[in-house]
Amino acid sequence: MNKENYQSVDWTGLIELVILSRKMRWLDVLVLVTGFIALDWVSYFHPLHGLNITPWDPAPALGLVFVLRFGWHAALLIALAIFLGDAWIRDLPFTVSAALAVLLATGYGAIGEALRRRLKSEEIFVSRRGLFEWVLIVVVGTLVNSAAFIFALTALDLIPISELTVAFAHHWIGDTVGILVTMPVIWMVSGERGRALLRLLAMKGETVALLVATAAALWIAFSVGAESEFKYFYVLFLPIVWAAARRGFAGAVLIAAVIQIGIIVIVNRLGFSAISVLEVQMLTVVLAILGFFVGV
């Protein structure tokens with residue numbers, strides 16, 4: 001990266017503009033930018049051609065939560081976070097990184113704005129209608145955003161045109177799964193009501209049993225089930241449905257997050273191929289959405 005170009009950008013002025021326009025605090029800025037980069041780094045495995053195309057990308061979920069909380073201006077900070085992530089993790093050229101950051105952030109900002117206009121903040125995860133519209137907007141929005149991103153990478157000769165379809169599928173699935181599974185837990189943690197529900201859940205003795213059951217289900221799915229092409233993956237539905245039926249949406253969100261983290265750790269330790277991870281992730285998102293609907 002051209003360090004002179006990087007240093008010439010007035011990042012402080014950009015951040016102050018966002019803070020003044022939407023009354024964001026410096027803590028909010030710090031959480032969004034550093035949190036986005038951290039999630040990008042954690043999920044950077046099986047990258048296609050060393051780019052931001054992975055089987056799981058939870059960072060956009062954090063960005064969407066901030067767009068919902070603070071409006072379209074948060075997309076500027078998302079662009080900054082993507083740009084810095086490319087500089088640190090992928091070391092792309094300055095102009096390429098900046099263009100891709102603006103492109104992706106514009107897409108995420110549009111998805112967040114669509115959610116904000118279509119659904120009231122307090123209704124997004126409290127009704128089946130709101131949950132259905134959230135899923136639909138995320139799936140369609142990430143499809144369009146991924147298509148634009150992959151076409152841009154092809155135009156820049158960063159990926160061969162022969163791999164356009166594969167790259168699109170990887171990016172779309174990674175973004176969709178990352179947002180649908182991760183966004184609810186980030187949304188709850190970022191709000192007072194959500195944190196109160198999670199604290200109440202943590203104080204219940206039944207939660208320990210749920211976590212033990214989840215760990216056992218993961219072991220069955222990836223130890224016994226791995227030998228039979230994951231025929232026992234369905235056992236993971238048991239703890240999330242139990243949590244949703246007994247503890248509502250908060251219970252489903254907690255167990256979905258635990259299952260997702262467990263799966264990512266396991267597939268990395270076992271050295272799964274990118275295709276296998278994508279297949280598992282598609283099953284995971286179905287599992288999570290089922291749990292969310294039961295919980296709601």
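List of remarks:
- Of the helices (runs of 4 or more DSSP H) that lie entirely inside segment 1-55, those containing 2 or more residues that are modelled with pLDDT of 90 or more span 26-42.
- Being of a type in the set (Ser, Thr, Tyr) and open to solvent by less than 30 Å² (accessible area, probe 1.4 Å) holds for only one residue in Thr176, Thr165, and it is Thr176.
- Selection count, segment 66-85, where residues are over 17 Å from Gly178 (Cβ atoms) and assigned to a helix (DSSP H, G or I): 10
- In segment 73-99, the residues that are within 18 Å of the chain's Cα centre (by Cα), in contact (Cβ under 8 Å) with a residue 40 or more places away in the chain and more than 16 Å from Leu30 (Cα to Cα): Ile89
- Members of segment 109-141 found to be exposed (fewer than 14 other Cβ atoms within 10 Å of the Cβ), among the charged types (D, E, K, R) and within 23 Å of Ala79 (Cα to Cα), listed by number: Arg117
- Set Thr95, Thr106: member being hydroxyl-bearing (Ser, Thr, Tyr), assigned to a helix (DSSP H, G or I), within 18 Å of His171 (Cβ to Cβ) and open to solvent by 10 Å² or more (accessible area, probe 1.4 Å): Thr106
- Being open to solvent by less than 30 Å² (accessible area, probe 1.4 Å) and either of a type in the set (Gly, Ala, Ser) or under 21 Å from the mean Cα position of the chain (by Cα) (or both) is a property that Ile159 lacks.
The values are calculated or read from the model by the stated rules, or taken from the named source; none is laboratory data. Since we're looking at a predicted model, the values are computed, not measured. Quick reminder, even Gly has a Cβ in these numbers, built from the backbone with ideal geometry, and neighbours come from all protein chains shown. Just so you know, the surface numbers come from the protein's heavy atoms only, side chains and all, with ligands and any DNA or RNA stripped out. Shrake-Rupley method; radii C 1.70, N 1.55, O 1.52, S 1.80 Å.
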